[in-house]
Amino acid sequence: MERVLGFDCEGAALVGILAEPAAASTADLGVLVIVGGPQYRAGSHRQFTLLARHLAAHGYPTLRFDYRGMGDSDGEARDFLGVDADIAAAIQALQSARPEVKRVVLWGLCDAASAALLYLDATHDPRVAGVALANPWVRSAESLAKAHVKHYYWRRLREKSFWLKLLRGGVGLRALGGLARNLQLARPGAQAADARSFQERMAAGLRSFEGPTLLVLSGDDYTAREFAEYSRSSPAWQGLLQTPSLELHEMPGADHTFSNSSDLQALNARCLRWLQSRC
């Protein structure tokens, strides 16, 4: 069962789709899907639609919505750094539509996962009972360079074809220059002037959160690799992924949006088991 919810956020009209259990439910837990990137509430290959329906079929009312300036919602376009008010308004809309929902889990992919942690840091909202994060976004020039050096250039340097091309002149100066630039950027402290405030705020949001966290990382995804590299090297993130309240689930063959149907089904099943066991 699904229905359209219209609600207000600082004078802008927002639109969401609420997937509801077919049978009457007294469960006090609901799920809010935050949509990241330049897309609307259905998600890539209907990812968020299928997730919401799966969770609702197992008793969890799930709202996916367009924040201001996206999809069918009014207002000025904005990125993940400016959606705290949208998330708060969506939580209120979910609770108004389903009065039995007292606790809410935030679910986000990519910069929506980042937005969830930024929301926790900014609000410490007591209604949030858990966060599910898939391939969080922490990209900066330094983190991207580290990922390229480790996962692309290092692989290329071990390939016989690369050295044959180099000897025959098939590897241009531009490619070699790209390697040199990435090595320079990847050096610790090379980007000291690069603003890292949003990554630090993400870490602060997670560190202050006392509820359970599900972290899913895809193996075939640069965004996930950047996050893994960043969380290991950043002082703000030290120890956060080893806390007892955090459950880390790695999916080696999955891409960024879990576009393979079997990966998406596995992700949805993992999220459901986590909700049932930890929330």
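The values are calculated or read from the model by the stated rules, or taken from the named source; none is laboratory data. Keep in mind it's a predicted model, so treat the numbers as computed, not measured. As a convention, Cβ positions derive from the backbone with ideal geometry for all residues, glycine included, and neighbour counts pool all protein chains shown. Ligands, DNA and RNA are stripped out before the accessible areas are found, and what is left, the full protein with its side chains, is counted by its heavy atoms. Shrake-Rupley method; radii C 1.70, N 1.55, O 1.52, S 1.80 Å.
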(message) Please count how many residues of the stretch 38-52 are out of contact with any Ser or Thr (no Cβ under 9 Å at 6 or more places or on another chain), open to solvent by less than 70 Å² (accessible area, probe 1.4 Å) and part of a loop (DSSP other than H, G, I, E, B).
(response) 1
(message) Take the residues in the stretch 93-112 that are open to solvent by 20 Å² or more (accessible area, probe 1.4 Å) and part of a helix (DSSP H, G or I); name whichever of them is nearest to residue 255 (Cα to Cα).
(response) 111
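Would you call residue 30 open to solvent by less than 30 Å² (accessible area, probe 1.4 Å), under 16 Å from the mean Cα position of the chain (by Cα) and touching a residue at least 60 places away in the same chain (Cβ under 8 Å)? Working first, answer last.
On the way: open to solvent by less than 30 Å² (accessible area, probe 1.4 Å): yes; under 16 Å from the mean Cα position of the chain (by Cα): no; touching a residue at least 60 places away in the same chain (Cβ under 8 Å): yes.
Against the criterion (open to solvent by less than 30 Å² (accessible area, probe 1.4 Å), under 16 Å from the mean Cα position of the chain (by Cα) and touching a residue at least 60 places away in the same chain (Cβ under 8 Å)), residue 30 does not qualify.
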(request) Out of 96, 114, 44, report the one residue that is under 17 Å from the mean Cα position of the chain (by Cα) and at pLDDT 95 or above. (result) 114
(message) Looking at 77, 90, 56, can you tell me which residue is over 16 Å from the mean Cα position of the chain (by Cα) and either open to solvent by 30 Å² or more (accessible area, probe 1.4 Å) or modelled with pLDDT under 95 (or both)?
(response) 77
(message) Take the conditions without any contact (Cβ under 8 Å) to a residue 60 or more places away in the chain, among the hydroxyl-bearing types (Ser, Thr, Tyr) and either farther than 22 Å from residue 260 by Cβ or surrounded by fewer than 17 Cβ atoms within 10 Å (Cβ to Cβ) (or both) and apply them to residue 67. Does it pass?
(response) yes
(request) Please state which one of 85, 129 is touching a strand residue (DSSP E or B) at 6+ places or on another chain (Cβ under 8 Å) and outside any helix (DSSP H, G or I). (result) 129
(request) Output the residues belonging to the stretch 208-230 that are touching a helix residue (DSSP H, G or I) at 6+ places or on another chain (Cβ under 6 Å), in a helix (DSSP H, G or I) and open to solvent by 10 Å² or more (accessible area, probe 1.4 Å). (result) 222, 225, 229, 230
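Within the stretch 99-111, take every residue that is of a type outside the set (Lys, Arg) and under 21 Å from residue 206 (Cα atoms) and give me the one that is farthest from the chain's Cα centre (by Cα).
Taking the stretch 99-111 and keeping what is of a type outside the set (Lys, Arg), we get 99-101, 104-111.
Keeping just the survivors that are under 21 Å from residue 206 (Cα atoms) gives 104-111.
Working: 104: 17, 105: 13, 106: 10, 107: 8, 108: 4, 109: 3, 110: 3, 111: 5 Å.
By that ranking, first place goes to 104.
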(request) Collect the residues in the stretch 247-277 that are among the charged types (D, E, K, R), in a helix (DSSP H, G or I) and either within 14 Å of the chain's Cα centre (by Cα) or surrounded by fewer than 16 Cβ atoms within 10 Å (Cβ to Cβ) (or both), keeping them in residue-number order. (result) 273
